[in-house]
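Engineer: Sharing a structure below in structure tokens format, with a few things to ask.
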Amino acid sequence: MTSIYQRAAFVGLGLIAGSMALAMRRGGLVAETTGTARSPETRTIAAEIGLVDRVTDTAAEAVQGADLVVLCVPMGAMDAVAAEIAPHLAHGATVTDVGSVKQAVIDAVGPHLPDHTHFIPGHPLAGTEHSGPRAGFAELFDNRWTILTPPEGTDPQALDRLTRLWQGMGAQVDIMDPPHHDLVLAVTSHTPHLIAYTMVGVADDLRRVTDSEVIKYSAAGFRDFTRIAASDPTMWRDVFLTNKDATLEILGRFTEELFALQRAIRRGDGDHLHDYFTRTRAIRRGIIDAGQDTDAPDFGRGKR
């Protein structure tokens, strides 16, 4: 199989970068991979386990000669990383990212990139609660969606090339307008994470429920909240700071729904509760029917 890219460079070597590198290797999609990370420990581990073909000490070294550059750093670091790599990008290189807020990435990265490059922001809707270079696995993107948000005027061939890469890594690809992406993700990911963090925090505050009881009986539903709330705190801090408007809009809607449920419970309105739960159950069934999860109560993943 002919490689889609000759050299892919990763800036950041955590779960997503590692999974991409392994998926590229599995499919023979890229001839060579390079990568770097801010932490010397991360670079050492990545080199030891052969996560990429070559680990470099700096981002500038990693991107030299690469025809694909993938930014896998927290949102708050995008601006500085883009400024660092810009002078070293190859002519015709495609620069993409994996951040879960797109307009903020465009604002932070776009102004730094030279005209001879293609900038196509992206967001793979896949992940686990694990992080770091050892967390990656090649199957992470299989039958998951990746959203690309190409700016106006993006070269069609560059977009097609990146699309074929993601498809080769097992993903389904959709194209979306950046603001709409940010609103969709506020509904499907960002606000649920905030609610999960809040629920875990509430349990910590309820001293009448002991720590041992929280842990012992977590299979009753709390466990799924804790899996979400175990996600990387730096990443999620940056998500909420950079997708503020959309998240606040959805949180406002959530608050209205919560008040309505409180009122129904207080009044003993069983019909309202039953109808509401029936509607939401149908949404869950739609997710399962779309192949995006299973009926298993562990988010569809077995033990790894």
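Per-residue answers, yes or no, for (1) within 15 Å of the chain's Cα centre (by Cα); (2) among the acidic types (Asp, Glu); (3) not assigned by TED's automatic domain parsing to the domain that holds residue 106:
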{"position": "138", "(1), (2), (3)": "no, no, no"}
{"position": "141", "(1), (2), (3)": "yes, no, no"}
{"position": "153", "(1), (2), (3)": "no, no, no"}
{"position": "157", "(1), (2), (3)": "no, no, no"}
{"position": "160", "(1), (2), (3)": "no, yes, no"}
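Engineer: Hey, could you check the stretch 121-148 for residues that are among the β-branched types (Val, Ile, Thr) and surrounded by 21 or more Cβ atoms within 10 Å (Cβ to Cβ) and say which is nearest to residue 178 (Cα to Cα)?
Structural biologist: Here the residue is 147.
Engineer: Hey, can you tell me all the residues within the stretch 142-159 that are farther than 18 Å from residue 114 by Cβ and among the aliphatic types (A, V, I, L, M)?
Structural biologist: Hits for the stretch 142-159 are 147, 148, 159.
Engineer: Would you confirm whether or not the stretch 28-40 contains a residue that is of a type outside the set (Asp, Glu), closer than 18 Å to residue 131 by Cα, within 23 Å of the chain's Cα centre (by Cα) and surrounded by fewer than 18 Cβ atoms within 10 Å (Cβ to Cβ)?
Structural biologist: Yes, that holds for at least one residue.
Engineer: Now for a different question. Within the stretch 39-64, work out how many residues are in contact (Cβ under 8 Å) with a residue 12 or more places away in the chain and over 30 Å from residue 91 (Cβ atoms).
Structural biologist: 2
Engineer: Okay, next question. Kindly check whether there is at least one residue in the stretch 172-190 that is surrounded by 15 or more Cβ atoms within 10 Å (Cβ to Cβ), at pLDDT 80 or above and more than 30 Å from residue 255 (Cβ to Cβ).
Structural biologist: Checked against the condition, which is being surrounded by 15 or more Cβ atoms within 10 Å (Cβ to Cβ), at pLDDT 80 or above and more than 30 Å from residue 255 (Cβ to Cβ), the stretch 172-190 yields at least one hit.
Engineer: Of all the residues that make up the stretch 27-53, how many are closer than 24 Å to residue 164 by Cβ and of a type outside the set (Gly, Ala, Ser)?
Structural biologist: Residues flagged as closer than 24 Å to residue 164 by Cβ and of a type outside the set (Gly, Ala, Ser) within the stretch 27-53 amount to 8.
Engineer: Just checking, how many residues over the stretch 242-295 are exposed (fewer than 12 other Cβ atoms within 10 Å of the Cβ), in a loop (DSSP other than H, G, I, E, B) and within 23 Å of the chain's Cα centre (by Cα)?
Structural biologist: The qualifying residues number 3.
Residue-by-condition table, conditions (1) closer than 26 Å to residue 138 by Cβ; (2) among the β-branched types (Val, Ile, Thr); (3) at pLDDT 95 or above:
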| position | (1), (2), (3) |
| --- | --- |
| 59 | yes, no, yes |
| 69 | yes, yes, yes |
| 87 | no, no, yes |
| 114 | no, no, yes |
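Engineer: Have a look at 86, 108 and point out the one that is buried (at least 18 other Cβ atoms within 10 Å of the Cβ) and in contact (Cβ under 8 Å) with a residue 24 or more places away in the chain.
Structural biologist: Going through 86, 108 in turn, the sole match is 108.
Engineer: While we're looking at this one, here's another question. Yes or no: the stretch 8-27 includes at least one residue that is in contact with a strand residue (DSSP E or B) (Cβ under 9 Å, 6 or more places away or on another chain) and surrounded by fewer than 16 Cβ atoms within 10 Å (Cβ to Cβ).
Structural biologist: no
The values are calculated or read from the model by the stated rules, or taken from the named source; none is laboratory data. This is a predicted model, so every value here is computed, not measured. Please note: Cβ atoms are built from the backbone with ideal geometry, for glycine as well, and neighbour counts cover all protein chains shown.
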